[in-house]
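Chemist: Quick one: the structure is below, questions incoming.
The values are calculated or read from the model by the stated rules, or taken from the named source; none is laboratory data. None of these values were measured; they are calculated from a predicted model. Note: ideal-geometry Cβ built from the backbone for every residue, glycine included; neighbour counts use all protein chains shown.
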Amino acid sequence: MGNEVSANFELFNNAAENNQQFIADELKWLLVPGARVLEIGSGSGQHAVHFVNQLEEVNWQPADKEPYFGPLERNLKGISLAGLEKPIYLDVARFDVTGRFDAVFCANVMHIMSADLIPSMMAGVANLLDDGGLFILYGPYKYKGAFTTESNAEFDEWLKSRDVLSGIRDIELVQDKARTRLL
C-alpha cells in the first residue's frame with residue numbers, strides 16, 4: 001500500500017510524492033523500531049502512509065490544522081495500517097497537543113508558516129519530546145543568508161508575495177531557536 005492509495009486522495013501533493021522515499025531512507029537510520037513520531041503539517045497524509053509502510057514498527061501521529069485537517073482526515077479514513085494513528089488537530093499557534101514523542105517530524109512547513117509562529121512551535125515541540133528526542137525538519141533553507149538555488153530564491157519571493165512573514169528561513173536561525181528551546 002502506498003502510491004496506489006495516495007493517488008486517490010482528495011488532497012494530493014506532488015512534492016510529497018516525489019520526496020517521500022528520499023526522506024524515508026534518511027528516517028530509517030534516525031528512528032528506532034517502535035518510535036512514536038508526531039508529524040506537524042501532515043497535509044495530504046501521503047508521508048504518513050508511506051513512512052509507516054517503510055519504517056520498522058514506527059507509530060506515526062499525523063497532525064494538521066485547517067484548511068488541511070478535514071482533507072487529511074478524509075484521506076486517511078478507512079486506511080488500516082499498523083502504526084498509523086488517527087490524525088489530530090494541531091495549530092502551532094496554540095500547540096495544545098499532549099503526550100510524549102521520540103521524534104517530531106515537519107516537512108515543508110517552516111517556510112510556509114509565519115515567522116511569528118516559530119517560537120511557539122519550538123516551545124511546543126520541546127514540551128512533547130522525550131529526553132534524547134529528535135526534531136526532524138525537511139525543506140528548503142538558506143545557509144549563511146544565501147539561497148542554495150535560484151529556484152529557491154524565486155520560491156521565496158512568491159511565498160513573501162502571499163504572506164510577508166513566510167519565506168525560506170536561514171538554517172542557522174532555525175537551529176539557534178531550536179537550541180534555545182530544545183536543549
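Residues checked against (1) farther than 23 Å from LEU159 by Cα; (2) buried (at least 18 other Cβ atoms within 10 Å of the Cβ); (3) not aliphatic (A, V, I, L, M):
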{"position": "MET113", "(1), (2), (3)": "no, yes, no"}
{"position": "GLY132", "(1), (2), (3)": "yes, no, yes"}
{"position": "TYR138", "(1), (2), (3)": "no, no, yes"}
{"position": "LYS142", "(1), (2), (3)": "no, yes, yes"}
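Chemist: If LEU165 meets every condition in (1) touching a helix residue (DSSP H, G or I) at 6+ places or on another chain (Cβ under 7 Å); (2) surrounded by fewer than 19 Cβ atoms within 10 Å (Cβ to Cβ); (3) in a helix (DSSP H, G or I) apart from one, which number is that one?
Modeler: Against the list (1) touching a helix residue (DSSP H, G or I) at 6+ places or on another chain (Cβ under 7 Å); (2) surrounded by fewer than 19 Cβ atoms within 10 Å (Cβ to Cβ); (3) in a helix (DSSP H, G or I), LEU165 comes up short only on (3).
Chemist: Could you tell me whether any residue of segment 20-28 is among the basic types (Lys, Arg), over 11 Å from ALA107 (Cβ atoms), surrounded by fewer than 23 Cβ atoms within 10 Å (Cβ to Cβ) and within 15 Å of the chain's Cα centre (by Cα)?
Modeler: Looking for residues that are among the basic types (Lys, Arg), over 11 Å from ALA107 (Cβ atoms), surrounded by fewer than 23 Cβ atoms within 10 Å (Cβ to Cβ) and within 15 Å of the chain's Cα centre (by Cα), one finds none in segment 20-28, hence no.
Chemist: Taking the condition of being out of contact with any helix residue (DSSP H, G or I) (no Cβ under 7 Å at 6 or more places or on another chain), of a type outside the set (S, T, N, Q) and surrounded by 10 or more Cβ atoms within 10 Å (Cβ to Cβ), how many residues in segment 145-162 meet it?
Modeler: The total comes to 8.
Chemist: Further question: Look at ASP116 and say whether it is in contact (Cβ under 8 Å) with a residue 40 or more places away in the chain, out of contact with any helix residue (DSSP H, G or I) (no Cβ under 9 Å at 6 or more places or on another chain) and more than 21 Å from ASP130 (Cβ to Cβ).
Modeler: So ASP116 passes the test.
Chemist: Still on this structure, please answer the following. Here are some conditions: (1) at pLDDT below 90; (2) surrounded by fewer than 18 Cβ atoms within 10 Å (Cβ to Cβ); (3) outside any helix (DSSP H, G or I). PHE9 meets all but one. Which one does it not meet?
Modeler: (2)
Chemist: Pick from segment 142-172 the residues that are under 12 Å from HIS111 (Cβ atoms) and basic (Lys, Arg): which of them is modelled with the lowest pLDDT?
Modeler: So, considering only residues that are under 12 Å from HIS111 (Cβ atoms) and basic (Lys, Arg), the one modelled with the lowest pLDDT is ARG162.
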